[in-house]
1. Only residues in segment 62-80 that are touching a residue at least 60 places away in the same chain (Cβ under 8 Å) count as the first member; pair them with residues that are loosely packed, with under 11 Cβ neighbours inside 10 Å and assigned to a strand (DSSP E or B), Cβ under 9 angstrom, at least 6 apart or cross-chain, and list the lot.
2. Name the residue that is surrounded by the most Cβ atoms within 10 Å (Cβ to Cβ), counting only residues in segment 85-95 that are at pLDDT 85 or above and under 18 Å from residue 21 (Cα atoms).
3. Given the condition farther than 23 Å from residue 12 by Cα, modelled with pLDDT of 80 or more and surrounded by 11 or more Cβ atoms within 10 Å (Cβ to Cβ), answer yes or no: does some residue in segment 96-113 qualify?
4. When segment 13-28 is examined, which residues are found to be loosely packed, with under 15 Cβ neighbours inside 10 Å and in a strand (DSSP E or B)?
5. Would you mention how many residues in segment 46-83 are in a strand (DSSP E or B) and within 16 Å of residue 20 (Cα to Cα)?
């Protein structure tokens, strides 16, 4: 962390491990599987995107992400998207709808996303 002194900007660093997305809702019809990826957002700005896991309802990503972040940022959010070739990708899991973003906690922890209906 850099000390804020005489115009210096203060940064913190974060290391995120993205494991898996379990029990994703299936499509109705013959092709029930989804092509999913996860995004990491700081204050609604996407800063990382995982690879796409095709045709799965329990996507395993196994990716690590490290970045320096401004100390003034407020929220860290995770979203699971379903890739759609013909339309806009749709969010299938993310922060609870009553709190569109979750505040950042100090220290390590596990954070879970809720499914969208």
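The values are calculated or read from the model by the stated rules, or taken from the named source; none is laboratory data. These numbers were taken from a predicted model, which means no experiment stands behind them. Heads up, the Cβs are rebuilt from the backbone with ideal geometry, glycines too, and the neighbour counts pull from every protein chain shown.
1. Correct list of pairs: 76/103.
2. The selected residue is 92.
3. Scanning segment 96-113, I find no residue that is farther than 23 Å from residue 12 by Cα, modelled with pLDDT of 80 or more and surrounded by 11 or more Cβ atoms within 10 Å (Cβ to Cβ), so the answer is no.
4. Step one: list which residues in segment 13-28 are loosely packed, with under 15 Cβ neighbours inside 10 Å, which gives 13, 15, 17, 19-20, 22-23, 25-28.
13, 15, 17, 19, 20, listed by residue number.
5. So in segment 46-83, the residues in a strand (DSSP E or B) come out as 46-49, 53-56, 59-70, 75-82.
Now narrow it down to the ones that are within 16 Å of residue 20 (Cα to Cα): 48-49, 53-56, 59-65, 77-82.
Of the residues in segment 46-83, 19 are in a strand (DSSP E or B) and within 16 Å of residue 20 (Cα to Cα).
Let's see how each residue does on (1) in contact with a strand residue (DSSP E or B) (Cβ under 8 Å, 6 or more places away or on another chain); (2) surrounded by 12 or more Cβ atoms within 10 Å (Cβ to Cβ); (3) farther than 17 Å from residue 94 by Cβ:
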{"site": "30", "(1), (2), (3)": "no, no, yes"}
{"site": "33", "(1), (2), (3)": "yes, yes, yes"}
{"site": "40", "(1), (2), (3)": "yes, yes, no"}
{"site": "43", "(1), (2), (3)": "yes, yes, no"}
{"site": "47", "(1), (2), (3)": "yes, yes, no"}
{"site": "55", "(1), (2), (3)": "yes, no, yes"}
{"site": "59", "(1), (2), (3)": "yes, yes, no"}
{"site": "64", "(1), (2), (3)": "yes, no, yes"}
{"site": "69", "(1), (2), (3)": "yes, yes, yes"}
